[in-house]
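Read through the structure below, which is laid out as structure tokens, and then see the notes.
The values are calculated or read from the model by the stated rules, or taken from the named source; none is laboratory data. The structure displayed is predicted, hence computed values, not measured ones. Virtual Cβ from ideal backbone geometry, glycine too; neighbours counted across all protein chains shown.
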Amino acid sequence: MTAIKHALQRDIFTPNDERLLSIVNVCKAGKKKRNCFLCATVTTERPVQVNVVKVKKSDKGDFYKRQTAWALRDLAVVDAKDAVKENPEFDLHFDKVYKWVASSAVEKNTFISCIWKLNQRYLRKKIDFINENPEFDLHFDKVYKWVASSAVEKNTFISCIWKLNQRYLRKKIDFINVSSQLLEESVPSGENQSVAGGDEEAVDEYQELNAREEQDIEIMMEGCEYAIANAEAFAEKLSRELQVLDGANIQSIMASEKQVNILMKLLDEALKEVDQIEIKLSSYEEMLQSVKEQMDQISESNHLIHLSYTNNVKLQSEIEFLVNHMDLAKGHIKALQEGDLTSSRGIEACTNAADALLQCMNVALRPGHDMLHAVKQQQQRFSDLREQFARRLASHLNSVFVQQGHDQSSTLAQHSVELTLPNHHPFHRDLLRYAKLMEWLKNTDYGKYEGLTKNYMDYLSRLYEREIKDFFEVAKIKMTGTTKEGKKFGLHGSSGKLTGSTSSLNKLSVQSSGNRRSQSSSLLDMGNMSASDLDVADRTKFDKIFEQVLSELEPLCLAEQDFISKFFKLQQHQNISGTTTNETEEIDGGNLSRSYISGVPQTISSEKDMIRQMMTKIFRCIEPELNNLIALGDKIDSFNSLYMLVKMSHHVWTAQNVDPASFLSTTLGNVLVTVKRNFDKCISNQMKQMDEVKISKKSKVGILPFVAEFEEFAALAESIFKNAERRGDLDKAYIKLIRAVFISVEKVANESQKTPRDVVMMENFHHIFATLSRLKISCLEAEKKEAKLKYTEHLQSYVVYSLGQPLEKLNHFFEGVEARVAQGIREEEVSYQLAFNKQELRKVIKEYPGKEVKKGLDNLYKKVDKHLCEEENLLQVVWHSMQDEFIRQYKHFEGLIARCYPGSGITMEFTIQDILDYCSSIAQSH
Amino acid sequence: MAASKGKNQSSLALHKVIMVGSGGVGKSALTLQFMYDEFVEDYEPTKADSYRKKVVLDGEEVQIDILDTAGQEDYAAIRDNYFRSGEGFLLVFSITEHESFTATAEFREQILRVKAEEDKIPLLVVGNKSDLEERRQVPVEEARSKAEEWGVQYVETSAKTRANVDKVFFDLMREIRAKKMSENKDKNGKKSGKNKKSFKERCCLL
């Protein structure tokens, strides 16, 4: 480069009076050929002109041609393209933009920095240096980050620092990210300057001569005292020294040629050695190749050995598997063939053996295993064993069933006296020992299992039928026996009609008492008091018997069901379904629906069905027997239905709580329907009786028998249904009954001849009111109020009606007067009416002297006494009202006289005091 | 009447009790509490009403007839008849109303007059509304000394709290029963005398 620079200076610029300061080898952007040079030049004459000259090197030979020159002052922008990365491209903006690519980034930087310096020195014009990296850091005690105003400035500064360091400190300072050219080039240039002396550039570089350099020069110059005095001599001396140095230099270069030759020889030898080593290496490789082939063969054979080993292991495990799983111990075989099925130990042995057999048979054989002859043989043996054992087991169990049936029936006689059912517990316990074997049988030989099931059902159903029939027989005897005793107490034996013992007792009581009175309905209820007392005792006894029947049946059924499910293995998921239904049960309350059974998975329900079917077969006689018993209870006394309804409901409720689909709950549910029907029949019978009731025409009516019966029924029902689930049924019955009672009372009242209608109504409704007040049946609150209303109404109308009689004519007269007044005649003018003049009034009043009135009241009292019955004790109440009413009437008459006949001086023949006296005397005379 | 009565009450003794006293002292309330265990707050003047109940008196089942009467009446004589029919009386007043206490003397005199032929009439003086202690107008001592003067028992009751309600009815029934028994003895001793009354007695016991 220096050579080129030199050549350019000499060839082109010197003739032109220009000095070349910096040169860069460039090509135009996009072109490859690097044959152009950009040169920064200054004119040697003042005023100094700074130019940028493009010089082209001709293609042939070292011939340079000046092409274009720009003045520096035309330069507007220097674009270094990239501030961060080093790149050789840069643009110069003169009249237009020239894009250049330098041969290296360093060259580019040098060139740009030269331009900058020239500008600084000669033009001081603003040129934009774009995209140069002006950032630099100085690491002293810490890192200081600076940004210089331009990259050239920065570079200058850095190179200055470097130089200072080089010159004075020689200390190691790391110049990072600083181009090495920048640092090195400045050294020779500095020396150049000092050598070149008064060069223009030396002025530029002069700043860089520092004190030490000066010193060096001074010392050197002092070394030759004449230096200053005799510059020529000094120069001479210097050139002489230089020549000596050159000579030494050339000599040393010549001396080194020998060394170079030695080095070349050494290199040749080294190359030969390398060739030898290569030959050796290739021979080793060949050897290795053969070893590799051998190794491959060995590994293949190894693989084969491994394969055969694993095959052997697998085969062994298969054989071990077959032998382990398909081998049945001799003891087991023996147990299966001739094990004792009666002793519990024998059973256990058999159970274990059967389990083992089943396991052997159920071994999951892999496909292909069954092709093995030995396996086939073993399987055949197993199935033979199974056949044999199943047959043996079935026949044994059959005989056990028969045996148990006989045993049980032989003990049956003991139970006949008490109302209990024989206990099947020991029988169940004995059989449960076989439960596992049954399960085995079920799994292995379903046909035999079914046969056994059927046999069991046959024997057991016969056994149970006998037991249950006997049981119910005892229950029936007890029921009828107690009622007979009861009847003996009251009257004589034979039970009455279906209408219930109450009425039949009443009828009998009438006959037996031989009373002169005919058999009238009013007598029916007189017997009631004593009869019902007896009935209550009877009924509670009946209630107890019935309860006992149910509570004996329940555990029997449950135990049997439990046993069946355990023995015949039908129980798998029962407890799960049990709990779920329990929950729904509580929500539903008394409302027992069966819909939720559908929620239980199919298999379970089929097993439950199975149990239910078996239970239905075994206990087929329960339902008819229960129905018979209920019919009997109903026949003995229709009120027993109430007890039965409550008890049955309760039992159904508890049974369904346990398991709504069980045999027990369905059976009891069915029977409950019958009971409910009886209950309804009992109610409708009562209503029919009311409808048909006939009363005597001769005697007074009093309290109607059905009113008393309703009281009795309600009292009984309240005691029975106290906390029962079927309260709703009873309430419905109540409402029906009370309506019928009301209607019938009115009917009888209308038909009554001897007793006035009002009296019948008053007395009976008073009684009903008292009954309802006493029993406090909440659903009949409205009827209670109605009864009270009817009672007061008819009391009033009876009083008014009856009082018309003692002062009949007076009454008529004043009614007439009131009628006239009502027609519009003024009260004072009534006396001018012909029929109601004072004369007439006097005549009427005359007819009722005190004596007459007293007689009339006396008669009235007697009549009332005759109309009313003793039971309701309303005489005093009625009489009290009558006295009141009578006095009110009297006052009313007096008032009318005072108003309609003023000043006539007419008064009644008797005074209020008289009336009071009459009343007192009537009181005294009774 | 006698015949039907005999049929009716075949075996049960019947005791007839009359409630006597001024209006509003709680005769009906006492009766309803005794009969049906209920207490009615609203006051509605009674005209007259009759109640019957089976009770067990010292182990013996008897029937009690209660005639609940009107307190407010214009003419005392009207009461004669039912006083006449009664066998025992609960003479009720309210401890919160002194007038009602004073009135008891009149009622007692009328009872004595109406039943003049009887020596000793079963009667209890009852001071009702004992739950309203803070409104008391009749001191216990006053009522008690009056009762002592008359030779009868004094009991304070509350129909509201049921305090002593059963006691007054049962004590009265006991007195009635005792009287009937002594009369029977008398009758057995000397059969002469009040024919009508003894006839009645016998009927009751049939």
- Cβ-Cβ under 7 Å pairs, at least 6 apart or on other chains, region A:234-247 side assigned to a helix (DSSP H, G or I), far side not small (G, A, S): A:F234/A:C224; A:F234/A:Y226; A:K237/A:C224
- Might you let me know whether region A:863-885 holds any residue that is over 27 Å from A:D758 (Cβ atoms), over 60 Å from the mean Cα position of the chain (by Cα) and not hydroxyl-bearing (S, T, Y)? no
- Task: Can you tell me which residue within region B:68-92, out of those that are in contact (Cβ under 8 Å) with a residue 60 or more places away in the chain and out of contact with any strand residue (DSSP E or B) (no Cβ under 6 Å at 6 or more places or on another chain), is farthest from the other protein chains (Cβ to nearest Cβ)?
- Result: B:F83
- How about region A:611-638: which of its residues are more than 22 Å from A:K676 (Cβ to Cβ) and free of Cβ contacts under 8 Å to residues at least 40 places away in the same chain? A:Q613
- Query: When you go through (1) within 11 Å of another protein chain (Cβ to nearest Cβ); (2) at pLDDT below 85 one by one for B:P45, which number turns out not to apply?
  - Reply: (1)
- Item | Residues of region A:890-903 satisfying the condition of being away from chain B (no Cβ under 14 Å) and crowded, with 16+ Cβ neighbours inside 10 Å | A:F893, A:L896, A:I897, A:C900, A:Y901
- Message: Looking only at region A:532-552, how many residues end up being modelled with pLDDT under 80 and among the aliphatic types (A, V, I, L, M)?
- Response: 3
- Item | Output for region A:904-926, where each listed residue is among the hydroxyl-bearing types (S, T, Y) and either at the interface with chain B (Cβ under 7 Å from one of its Cβ atoms) or within 60 Å of the chain's Cα centre (by Cα) (or both) | A:S920
- So B:D65 fits all but one of (1) more than 7 Å from chain A (Cβ to nearest Cβ); (2) out of contact with any helix residue (DSSP H, G or I) (no Cβ under 6 Å at 6 or more places or on another chain); what number is the exception? (1)
- Message: One residue is enough: does region A:861-879 have a residue meeting the conditions touching a helix residue (DSSP H, G or I) at 6+ places or on another chain (Cβ under 6 Å), away from every other protein chain (no Cβ under 12 Å) and assigned to a helix (DSSP H, G or I)?
- Response: no
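Find the residue count for region A:684-710, including only residues that are within 60 Å of the chain's Cα centre (by Cα), farther than 16 Å from A:F769 by Cα and either part of a loop (DSSP other than H, G, I, E, B) or among the acidic types (D, E) (or both).
Final tally of qualifying residues: 1.
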- Message: If I filter region A:740-763 for residues that are within 14 Å of chain B (Cβ to nearest Cβ), under 15 Å from A:E711 (Cβ atoms) and either in contact (Cβ under 8 Å) with a residue 40 or more places away in the chain or not polar (S, T, N, Q) (or both), do I get at least one hit?
- Response: yes
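Scan region A:802-813 and give yes if some residue there is more than 29 Å from B:G86 (Cα to Cα), buried (at least 19 other Cβ atoms within 10 Å of the Cβ) and either modelled with pLDDT under 85 or within 14 Å of another protein chain (Cβ to nearest Cβ) (or both), otherwise no.
The answer is yes; a qualifying residue exists.
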